[in-house]
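J.: Before we start, here is the structure in question, set down as structure tokens.
Readers should treat all values here as calculations from the given coordinates under stated rules, not as data from a laboratory. What you see is a predicted model; the values in this text were computed from it and never measured. Cβ sites come from the backbone with ideal geometry, for glycine too, and all protein chains shown count toward neighbours.
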Amino acid sequence: MSLSTVASGVGVLELPCFRLSPISNTQIQFLSVEARNQPRTRRRRDLSFIPFPILIHSNHRLRHGFSDPNSSFDRAHCVGEPGNSDTSEKSSVASDGKEVKGESSSGVGDSYVALFVRMLGLDNDPLDREQAVEALWKYSLGGKKCVDAIMQFHGCLSLIVNLLKSESSSTCEAAAGLIRSIASVNLYRESVAESGALEEITALLSRPSLATVVKEQSICALWNLTVDEEIREKVADFDILRLLISFLEDDDVNVKEAAGGVLANLALSRSNHKIMVEVGVIPKLAKLLKGDNTDNKGSKIIRKEARHVLLELAKDEYYRILVIEEGVVPIPIIGADAYKSFRPDLYSWPSLPDGIKIEQTAKAPSRFGASELLLGLNVDKNVVDDVDEAKMKAIVGRTNQQFLARIGAIEFEKEIKSEGPAKSQQQQLTLLPCVDGVARLVLILGLADESAVSRAAESIADACINEDMRVSFMEAGAVKPLVQLLANNNKEAVKLPVIRALKSLSLSRVVCQRIEAEDAVPFFINLLKQPEISLSITEEILDVLAHILDPSKEMESKFYEGPVNGSKAVSRKEVLDATVISRLVQIAKTASHNLLRKTISVIEFATVINPNMDTIISEDITTVLEVALRQKVLEEPENEAELEKHLLQLEEAGLTISAGSRLLTKLLDSESFRKTMDTTLFTEILRKILKSSSLPLHYKDWVASCLVKLTSLSSPSQSLNNNPINVEVTLYKTIPRLVEQLSFSSTPETKEAAVLELNKIVSEGVPESTQALASNGGIEPLVKLLEERNERCVEASLSVLYNLSMDSENHTAIIRAGAVPVLRRIVMSQRPQWKKALRLLRDLPV
């Protein structure tokens, strides 16, 4: 169908009530002559305003219309950035400086919009439909007025979407580009979404081989559509997200940028975060942000969009951990003025970022001259070779950040303004690779701006998610300035973030040693002595002290790392004096489970470094122990709705009970303490805890040890069978532990030791031992042991099962566990234990 006869065709659209006239040859010639008469310097400038350039220009020129630097069509419309969606028509300027309006050409084009919309009909030739959609696409670049002229025809949007199914790349490109232009207008986004464009674009992008220009236009259409919050929920589909992530690795940078833009829009809705994380968006964007691939380093747009997505995801605590695990760290934006107080150490002997000085080995002047200036030339090469990877990264990061700070390029005001006026500076963050991010945070700690320092300390606390990050901050020199801030700054707004940062760092044993080496413990103790400090600071301080002054680590260091040096031991004794113990006891009497457990841990540490325990016993320590061991949460909840809450409380109570029992066990070594304590009271409390079925078994270890020690001190001559305390420990602690080893241990040696010990307990006639063994589920693992090739295990298991079979109530459980077939095989194969197996079979009702 030719353009001159298209008017006679049957249309499928409801057009405005005016008669369409066919395009005459004179009119077509007018369009072509008008285009040829334009100056060459103006043709490129006015490309967007030619009504239907498809008639007079090649497709190659048209496909690059968006990238025309002088085009009146705004970049925001082309790439779909939110906030600049509606376009407006602008006049172009000729090369001689005179303004030339496009009203004449636009008027000619407006009169033929209806004709080209009719050519989109399904009854037209595919080539004519392709020419029509390309003409309308280029016409739509004129702005909102041109888009309105197209959208006045009902049903045209459905025909445009239908063209996305075409096998022609040119048709798909033009259709996607036209949808992109329409979606840039706020008024039409919902109509585009309801027309099925999302489904067709998804199907188009799913094609195995697709031209780059088609990808770009289709993804940019999604970019414009996702400006609307309601449409984001429709686009946040697993299939679409999977495609977008794959396009982040496309060879064409425009496709990457468009895919990143869509993800950035989707991340603005918190409801989309979960599916975005599940589909794997964090690792891909973190890789682009870090610039691991040299091809990505030049793309500022994709890095910007990746940063926006990751920052939105990092607002969630769990997702922030995932972001940091990928090697990027959230950094507060504090403003360029804050860095003016930075004063680097110039002309000093080189040192590592953590403050360790590099030994100067060369005594003679440098043969290069200027030895005082070229300090690094006197460093021994062997010393440099000994620097590990973490220290090298710290050196690189410190050098980069200090250089940027010295030249005033570390942060620009436009970075703050670009985040938007509604967002306060106190909430602004950026993302940096781990090496630079760690060094930047350490650098901020040394600035004079207290607000910036507190925000940096908060960021350090949040970034210490694993051992590598904690060691990285230590090597970068974060410990020393944090301790200095703790000692010199009295403002709670600064102290609390600093203590939180030290708390997160203290989770590492290596960093704990560095914190103690910087003499942080006395500062913590001095703060703890102050009764006016808030409860939140008290909890944070006890957290850090519980990590540094961990009694289990202290005992390990004595056995595996040698004894504590004299000065360190003396300083600890001086710090944990009577005043501190009294303050700890006062805190423990009214503390929560968590705070009580940490307080008891610090008190226990005092018993390790001061064996005579006079200072501790002089205080009302028995009251603290009674509070720790009396836990009301051991009672079962009345309804199932509170079961989950009960389990959490039970976990905290178990940790507190374990800490209290451990401290009581160590205090029993003191004769003066045994004289002051109520042995009967604590025995009854511990027996009640031991018999509790709700408390997890591993929390009863120290409870059982404490009961046994109490029994041995009160009545050392009683045997196992005659002492009720020892019997209860066997029934409620030893037997459940052995059954657990039989059921879950993976090593044959552990199972053998467990069944032999069970056989010994049952054979010695411990009262109610068989009932305890059956009630704890010991029958099934004992039957499974009969199939082992270890003869000792089979022998002991048959003995225990035979004792269990003496009680007829256990017969059903033994048969249900599958013992009968196994016993018959042992008898038929004449194994050494066949007589015991036969005796057991005779006792069972089979």
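J.: Can you give me the long-range amide H partners of Leu429? Hydrogens built in the peptide plane at 1.01 Å from N, cutoff under 5 Å, separation of 5 or more residues or another chain.
T.: Distant-sequence amide H within range of Leu429: Ile333.
J.: On full extension of the chain, what length is gained from Glu671 through Lys145, given 0.36 nm per residue of separation minus the C-alpha to C-alpha distance?
T.: Net length gain for the segment: 179.8 nm.
J.: Let me ask something else. Over segment 149-213, what is the relative contact order in percent, taking alpha-carbon pairs closer than 8 angstrom and at least six residues apart?
T.: It comes to 34 percent, rounded to a whole number.
J.: List, in order, the whole-Hz ³J(HN,Hα) value for each residue of segment 457-466 obtained from phi through the Karplus relation with A = 6.51, B = -1.76, C = 1.60 and θ = phi - 60°; use x for Gly and Pro.
T.: 5, 4, 5, 5, 4, 6, 7, 7, 9, 8
J.: Now a separate question. Give me a comma-separated list of calculated 3J(HN,Hα) values for segment 473-485, in order, Karplus coefficients 6.51, -1.76, 1.60 applied at θ = phi - 60°, integers in Hz, x for any Gly or Pro.
T.: Once θ is set to phi - 60°, the couplings for segment 473-485 become 5, 5, 5, 7, x, 7, 5, 4, x, 5, 5, 4, 5 Hz.
J.: Continuing with the same structure: Convert each backbone phi in segment 332-342 into a coupling constant with the Karplus relation 6.51 cos²θ - 1.76 cosθ + 1.60 (shift: θ = phi - 60°), then list the ³J(HN,Hα) values in order as whole Hz, x for Gly and Pro.
T.: Calculated HN-Hα couplings, in order: x, 8, 10, x, 5, 5, 5, 7, 5, 7, 6 Hz.
J.: For the pair Ser191 and Ser169, how long in nm is the line joining their label points, each one 7 Å along Cα→Cβ?
T.: In this crude spin-label approximation the distance works out to 3.2 nm.
J.: What FRET efficiency, computed as 1/(1 + (r/R0)^6) with R0 = 35 Å and r the Cβ-Cβ distance, is obtained for Ser746 and Trp834, rounded to the nearest 0.05?
T.: That pair, Ser746 with Trp834, gives E of 0.75.
J.: Which Cα, out of Val827, Leu785, Ser745, lies furthest along the positive dipole direction of segment 738-843 (beta carbon charges, K/R +1, D/E -1)?
T.: Farthest towards the positive end: Val827.
J.: Once the other residues with Cβ under 13 Å from the Cβ of Leu686 are scored (Lys, Arg +1; Asp, Glu -1), what is the net sum?
T.: +3
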